[in-house]
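One structure below.
The values are calculated or read from the model by the stated rules, or taken from the named source; none is laboratory data. Every value quoted in this text rests on a predicted model; they were computed, and no experiment measured them. Cβ placement follows ideal geometry from the backbone for every residue including glycine, while neighbour counts extend to all protein chains displayed.
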Amino acid sequence: MHCTSKPIKNMDDKLTIKVNIVDRYYPLKIERKDEEKIRKAAKKINDTVTQYRKLYANKDEQDFLAMVALQFVTKLVEAEEHHEIHPVLEEVRQFDKILEDLLKDNE
């Protein structure tokens, strides 16, 4: 569950990385400036899934991912209510992109 990647250099300001989320690798083409944020987001997802695994041993990975999604979107809703949306919104957008890629791979 580590966020492992091998950067692949491109001619433009894009970077292709492989991000590990819940023991699956996802290739992502990202802006170089977003690499650190995406790695932090993947680490937060993995860390949170690990916490849920300890609490709910009888659940599967899809349940954990759903619980993580709910936790992060709840933070977004709270931030919207307090007009502190900008930092959380970016985190949720990154999380949404990762989940979208995860769901595509499961189809």
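One table, with the values for the structure above:
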quantity: Condition broken by K43, with the remaining ones in (1) at pLDDT 90 or above; (2) surrounded by fewer than 16 Cβ atoms within 10 Å (Cβ to Cβ); (3) not small (G, A, S) satisfied; calculated: (2)
quantity: Of all residues in segment 1-37 being in a loop (DSSP other than H, G, I, E, B) and aliphatic (A, V, I, L, M), the one that is modelled with the highest pLDDT; calculated: V22
quantity: Residue check, K104 exposed (fewer than 13 other Cβ atoms within 10 Å of the Cβ) and assigned to a helix (DSSP H, G or I); calculated: yes
quantity: Checking D34 against (1) touching a Ser or Thr at 6+ places or on another chain (Cβ under 8 Å); (2) surrounded by 16 or more Cβ atoms within 10 Å (Cβ to Cβ), the condition it does not meet; calculated: (1)
quantity: Tally, over segment 54-74, of residues that are basic (K, R) and surrounded by 13 or more Cβ atoms within 10 Å (Cβ to Cβ); calculated: 1
quantity: Test set (1) of a type outside the set (V, I, T); (2) closer than 15 Å to R93 by Cα; (3) assigned to a helix (DSSP H, G or I) - D47 fails condition number; calculated: (2)
quantity: Hits in segment 75-95 - residues which are among the charged types (D, E, K, R), in a helix (DSSP H, G or I), surrounded by fewer than 16 Cβ atoms within 10 Å (Cβ to Cβ) and at pLDDT below 80; calculated: E80, E81, E90
